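Colleague: Sending over a structure as structure tokens; questions will come in a sec.
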Amino acid sequence: MKLKFIYLILLLFCLSCKTNNTNNKYKIADKPLFRDPIFDGAADPSIIWNKKEKKWFMFYTNRRANDSSASGVAWVHGTKIGIAESNDGAHWKYKETCNINYDIKDVTYWAPDVLEYNGIYHMYLTIVPGVFEDWYHPRHIIHLTSKNLIDWEFQSKLKLASERCIDADVFRLPNGTWRMYYNNENDGKSIYYADSEDLYHWLDSGKKVIKDRGEGPNMFYWKGKNWMVNDAWKGLGVYSSQDFINWKRQEKNILQIPGTGKDDMVKGGHPDVIVQGDKAYVFYFTHPGRTPKNAGIDSYETRRSTIQVTELEYDNGDIICNRNKPVYINLKPSE
């Protein structure tokens, strides 16, 4: 009887180890990683762990790629922020859209940046006050908060360097304060920054830290260095800095050379980087139909967009990636 009991304990232990090992195994990420089932226009991903639901949430800009009635660039306006969910970062499914308490007729939401601090979720969101057929209209960034990542309450409209500011990225500096990088479209689409002590009150620096034209800055710390990647429209520009003000650009962009995978045979754009230990993954979007043979064509195929992911590599001081490799990923909870 005693031997049977010991055998049972050993069996349960082995099964537990097997389960834990299974949970720890990396999965091969889908390619494409995600397509929005409503408008087929997912772009500008922002990834965060939902502590209550124990899942990863992906917030994304949605464009009305399948709306054949939209003229000009109206199709990139007028949609809510979409949410996809995942247990591991490898497989994503559509969940719903955000409930955002911001009352403007025909409001357009772009480029969400989402973070959590002290149990409160914060979103910094680009607003376009309407649906327009061209690009030449005001934009601004607002601050929203949430307790569940679904329902969002308006906190403030940020006063930044101009009336045409987009694509916020907020992170915490080593001294405990917060910094926001954003795109100032009125100054050559260069990157500016603002600072805050509490995430609610922001002081704009009025300083241009990246002079190159680009969008969607994303800051992260990896391999002992501070990094920023942005959408340079020729893949992603990569920068490093010691003081968060003076940024040195590496010679080669990443995701500039088209890949060979499904919906990945074009340049990559507007990134979000998730670092987990020694590994870092860049989530980005593509317009699969925007190939050289389709230059100048405006159609559903050239409008639609997909979310992709690839793993970053560190090579002699530079960041590189091979988007054609299978991506082995299993994002761990961020508690």
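Colleague: Taking R0 as 22 Å, what FRET efficiency do you get between Arg249 and Ser205 from their Cβ-Cβ distance, rounded to the nearest 0.05?
Modeller: 0.65
Colleague: If you average the sequence gap of Cα pairs under 8 Å that are 6 or more apart and divide by the length of region 226-291, what percent do you get for the contact order?
Modeller: 26
Colleague: Just flag the chymotrypsin sites (Phe, Trp or Tyr not before Pro) in region 224-285 sitting in loop per DSSP whose Cβ has no more than 14 other Cβ atoms within 10 Å.
Modeller: none
Colleague: Please identify the chymotrypsin sites (Phe, Trp or Tyr not before Pro) of region 50-142 that satisfy two criteria: DSSP loop assignment and at most 13 other Cβ atoms within 10 Å. Which are they?
Modeller: Trp135, Tyr136
Colleague: What number, rounded to the nearest 500 deg cm²/dmol, is the helix-based mean residue ellipticity at 222 nm of the chain, given -39500 (n - 2.57) per DSSP H run of at least four residues and division by all its residues?
Modeller: -2500 deg cm²/dmol
Colleague: Among the listed pairs Lys147/Lys279; Lys51/Lys157; Lys27/Lys252; Lys207/Lys248, which are separated by more than 23 Å between their Cα atoms?
Modeller: In this structure, Lys147/Lys279; Lys51/Lys157; Lys27/Lys252 lie more than 23 Å apart at Cα.
Colleague: Could you grab the relative contact order for region 77-188? Cα pairs under 8 Å, six or more apart, rounded to a whole percent.
Modeller: Worked out over region 77-188, it gives 21 percent.
Colleague: Rounded if a/c is under 1.5, else prolate if a/b is larger than b/c, else oblate: which is region 150-204, with a ≥ b ≥ c the root eigenvalues of its Cα gyration tensor?
Modeller: It comes out oblate by the Cα gyration axes.
Colleague: Might you work out the accessible area of His201 for me, using a 1.4 Å probe with all protein chains in place, and round it to the nearest 10 Å²?
Modeller: Its accessible surface works out to 130 Å², give or take rounding.
Colleague: Between Lys147 and Asn330, what is 0.36 nm times their sequence separation minus the Cα-Cα distance? Round to one decimal in nm.
Modeller: Gain in length upon complete extension: 63.3 nm.
Colleague: On average, how much area does the Cα convex hull of region 32-108 cover when viewed from any direction, in nm²?
Modeller: 5.8
Colleague: While we're looking at this one, here's another question. Can you check what the net charge comes to around Tyr221, using other residues whose Cβ is under 15 Å from the Cβ of Tyr221 (Lys, Arg +1; Asp, Glu -1)?
Modeller: Result for the neighbourhood of Tyr221: +1.
Colleague: Going by a ≥ b ≥ c, the root eigenvalues of the Cα gyration tensor, does region 74-166 fall in the rounded group (a/c under 1.5), the prolate group (a/b larger than b/c) or the oblate group?
Modeller: Because a/c hits 1.5 or more and a/b fails to exceed b/c, region 74-166 counts as oblate.
Colleague: Continuing with this model, one more query. Starting from the Cα-Cα distance between Ile28 and Asn118, subtract it from 0.36 nm times their residue separation and give me the gain in nm to one decimal.
Modeller: Net length gain for the segment: 29.1 nm.
Colleague: What fraction of the Cα pairs in region 249-330, stated in percent, has a spacing above 19 angstrom?
Modeller: Percent of Cα pairs beyond 19 Å in region 249-330: 40.
Colleague: Still on this structure: If the elastic network links every pair of Cα atoms under 10 Å, which of Thr61, Thr126, Thr97 fluctuates the most in the Gaussian network model of the chain?
Modeller: Residue with maximal mean-square fluctuation among Thr61, Thr126, Thr97: Thr97.
Colleague: Related question: Please give me, ordered by residue number, the GluC sites (Glu not before Pro) of region 194-270 that lie in loop per DSSP and have at most 12 other Cβ atoms within 10 Å.
Modeller: Within region 194-270, the qualifying GluC sites (Glu not before Pro) (loop, at most 12 other Cβ atoms within 10 Å) are Glu197, Glu251.
Colleague: How many percent of DSSP beta bridges within region 85-197 run antiparallel, rounded to 5?
Modeller: Expressed as a percentage, antiparallel bridges in region 85-197 total about 90.
Colleague: Points 7 angstrom from Cα along the Cβ direction at Glu133 and Ser162: gap in nanometres?
Modeller: Placing both labels 7 Å along Cα→Cβ, they lie 2.5 nm apart.
Colleague: Whole angstrom only: what separates the Cα centroid of region 274-334 from the Cα centroid of region 164-208?
Modeller: Their Cα centres are 25 Å away from one another.
Colleague: May I pose another question? Would region 197-306 count as rounded, prolate or oblate if I go by the C-alpha gyration tensor, calling it rounded below 1.5 in a/c and otherwise prolate when a/b exceeds b/c, oblate otherwise?
Modeller: Prolate.
Colleague: Show the residues, 5+ positions off or on another chain, whose built amide H is closer than 5 Å to the amide H of Tyr117.
Modeller: For Tyr117, whose amide H was placed from the backbone, the distant partners under 5 Å are His122.
Colleague: Using amide H atoms built in the peptide plane, which far-off residues or other-chain residues are under 5 Å from Ser305 H to H?
Modeller: Placed amide hydrogens put Gly41, Ala42 under 5 Å from Ser305.
Colleague: Please list, in order, the residues from region 94-111 whose amide nitrogen is less than 16 Å from a point placed 7 Å along the Cα→Cβ vector of Phe154.
Modeller: 99-110
Colleague: I need the phi-derived Karplus couplings for region 282-287: 6.51 cos²θ - 1.76 cosθ + 1.60, θ = phi - 60°, integer Hz, Gly and Pro marked x.
Modeller: Ordered by residue, 3J(HN,Hα) equals 9, 9, 8, 10, 10, 9 Hz.
Colleague: For the chain, what proportion of DSSP beta bridges, expressed in % and rounded to the nearest 5, is antiparallel?
Modeller: Close to 95 percent.
Colleague: Let me ask something else. Between (i) 18.4, 59; (ii) 20.9, 81; (iii) 24.9, 103, which entry matches Rg and Dmax of the Cα atoms in Å as derived from the coordinates of this structure?
Modeller: Calculated Rg and Dmax of the Cα atoms in Å: the matching label is (ii).
Colleague: Another question, if that's okay. What do you get for the angle between helix 2-24 and the principal long axis of the chain? Use alpha-carbon atoms, 0 to 90 degrees, nearest ten.
Modeller: With rounding to tens, the tilt is 20 degrees.
Colleague: Here is a follow-up. Could you do me a favour and compute the accessible area per residue for region 21-100, 1.4 Å probe, result in Å²?
Modeller: 41
The values are calculated or read from the model by the stated rules, or taken from the named source; none is laboratory data. On a predicted model such as this, the values are computed, not experimentally measured, just so you know. Cβ coordinates were reconstructed from backbone atoms using ideal geometry, including for glycine residues, and neighbour counts include every protein chain displayed. Heavy atoms of the whole protein, side chains included, go into the accessibility calculation; ligands, DNA and RNA do not. Shrake-Rupley method; radii C 1.70, N 1.55, O 1.52, S 1.80 Å.
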